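Please read the structure below before turning to the comments.
None of the figures in this text is laboratory data; all of them are computed from the coordinates on show. As the structure is a computational prediction, the values presented were derived from the model and not from experiment. Heads up, the Cβs are rebuilt from the backbone with ideal geometry, glycines too, and the neighbour counts pull from every protein chain shown.
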Amino acid sequence: MKRKTMAKSSNSAVGIDLGKHVFKSVLLQRKGDDRYVLTNYASHPVPDTITTADELAQQVKLLLKEMGGSAKSCAVAASDAGALLRIIEQPNTPVELLRSALRLNGLAVLNQECKDFVLDCAPVSAVALAGVASNGAAIEGSSGKTRYLVGGMLRPAVKQISEAMNKTKTPANILQLAPICSFNAFEFAYPEVFANEAFLLLDMGHEQSTVLIGNKTELMLVRSVEYGGKQFGEALTADGAVNAESARLLMQQGDAGMAETCRSSLLTLATEVRNSIGFFEGQCEESIHRIFVSGGMAKTEMILQILSDELGLPCEIWDPLETCEVALPPAKRQ
């Protein structure tokens, strides 16, 4: 769960997002402490079901072949409906000690049996480190509690990804849950908003969506909603009147009937986002002024407009590579 450390010391790294519908990758080169250059990228649709390390390795190989290039280091983001992601409050505790407590007696710490998970933890922000030294040790004389983020994946899922990456001859230096990657990427891409505002990140995935709320560097709330592009697509084509491609064209054209179908389907997601905002604002006395949206559905203007209307807040796409320089091959420049 270590933040801001993408890979071993090197001047290049591959980042891979193992989404449920599309795998994505980027090749980044580091030029100094604060300069990163995007030198290549790729996306690759994958089957709905991948059950073995060999199948996963084959899809990753196709992705990397399409991207081209190579790097010394690799970081992998995994989307897993069975993942554990929790914010807990504990007395100031060295991180290594908390890791041991989670491993040996996770039930007592999380009120959930987690022996089948590979777990990690970290203070939720630099602000939360007020009572913890940089090495994770408690500062003598400090008082109060610290909020920690605990994340975990089921051991078979971790093993499958690890074996698959080894088979591609691109072993992963870091394996991270996708929502945490989004939070870290937002800090890098929008440092002023991250440091000075309350913000909401809505990632609309294929099978589920994730809501992350942060406030002035600190992660305050994380939750998953069982709604994504798969359910949205099924709603648009449910009566058999249109196929997926026709529905997409109607949305692009702003068709009123399709807009109403979209609105009806998106109400579930909008309600969950609204409830999350209400909970945060009630607890923290801070206000969310805009929503940063990502995921395949975010590319559709009608979806963004409906969410904006339902939530009464502007919804805008955000780019995790906002602050990166671009040096792409001619074929991939847009």
Can you list residues whose amide H is under 5 Å from TRP318's amide H, if they're 5+ apart or on another chain and H is modeled 1.01 Å from N?
VAL293
Can you list the HN-Hα couplings for segment 95-102, worked out from phi with the Karplus curve (6.51, -1.76, 1.60; θ = phi - 60°), rounded to whole Hz and with x for Gly and Pro?
4, 4, 5, 5, 4, 5, 4, 5
Using θ = phi - 60° and the Karplus relation 6.51 cos²θ - 1.76 cosθ + 1.60, list the HN-Hα couplings for segment 185-191 in order, rounded to whole Hz, with x at every Gly or Pro.
5, 5, 4, 6, 7, 10, x
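Where Lys and Arg each count +1 and Asp and Glu each count -1, what net charge lies around THR261 among other residues with Cβ under 14 Å from its Cβ? All intermediate terms of the calculation are to be shown ahead of the outcome.
Details: positive: ARG248, ARG263; negative: GLU234, ASP239, ASP255, GLU260.
Spelling it out: positives minus negatives among the neighbours equals -2.
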Given the pairs LYS72/LYS159; LYS115/LYS216; LYS31/LYS159; LYS24/LYS115, which are separated by over 24 angstrom at their Cα positions?
LYS115/LYS216; LYS31/LYS159; LYS24/LYS115
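Could you give the semi-axes, largest first, of the ellipsoid that matches segment 186-334, computed as the square roots of 5 times the alpha carbon gyration tensor eigenvalues and rounded to whole Å?
Ellipsoid half-lengths, sorted descending, are 28, 22, 12 Å.
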Enumerate the residues in segment 196-235 having an amide nitrogen under 17 Å from the point lying 7 Å beyond the Cα of GLU55 toward its Cβ.
207
Sorted by chain and number, the residues with a modelled amide H under 5 Å from that of ALA122, at a separation of 5 or more or across chains, are LEU149
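For LYS24 and ARG333 in the same chain, what is the full-extension length gain: residue separation times 0.36 nm, less their Cα-Cα distance, in nm?
Working: separation 309, 0.36 × 309 = 111.24 nm, distance 1.66 nm.
Extra length available between LYS24 and ARG333 comes to 109.6 nm.
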Helix-only [θ]222 nm of the chain, DSSP H runs n ≥ 4, -39500 (n - 2.57) each, per residue, nearest 500
-11500 deg cm²/dmol
List the aspartates and glutamates whose alpha-carbon lies under 14 Å from that of LYS167, not counting same-chain residues fewer than 8 positions away?
ASP54, GLU55
Given the peptides 43-52, 175-184, 76-85, 253-262, arrange them by the average over their residues of other C-beta atoms within 10 Å, most packed first.
175-184, 76-85, 253-262, 43-52
Using a basic spin-label model with each label point 7 Å from the Cα along Cα→Cβ, how many nm lie between GLU197 and ASN243?
4.2 nm
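Packing-wise, with mean Cβ within 10 Å as the measure, how do 314-320, 293-299 rank, highest first? List each step's numbers first, then the result.
On the way: 314-320: 15.6, 293-299: 19.3.
Answer by packing, highest mean first, reads 293-299, 314-320.
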For a test of the definition: using alpha carbon positions, the gyration tensor, and the 1.5 limit on a/c, classify segment 140-247 as rounded, prolate or oblate.
oblate
Amide H of GLY19: which non-local residues (sequence gap of 5 or more, or other chain) have their own amide H closer than 5 Å, using H built in the peptide plane?
LYS24
For semi-axes √(5λ) of the Cα gyration tensor in Å, the choices are (1) 32, 26, 21; (2) 43, 25, 19; (3) 39, 26, 16; which was calculated from the structure?
(1)
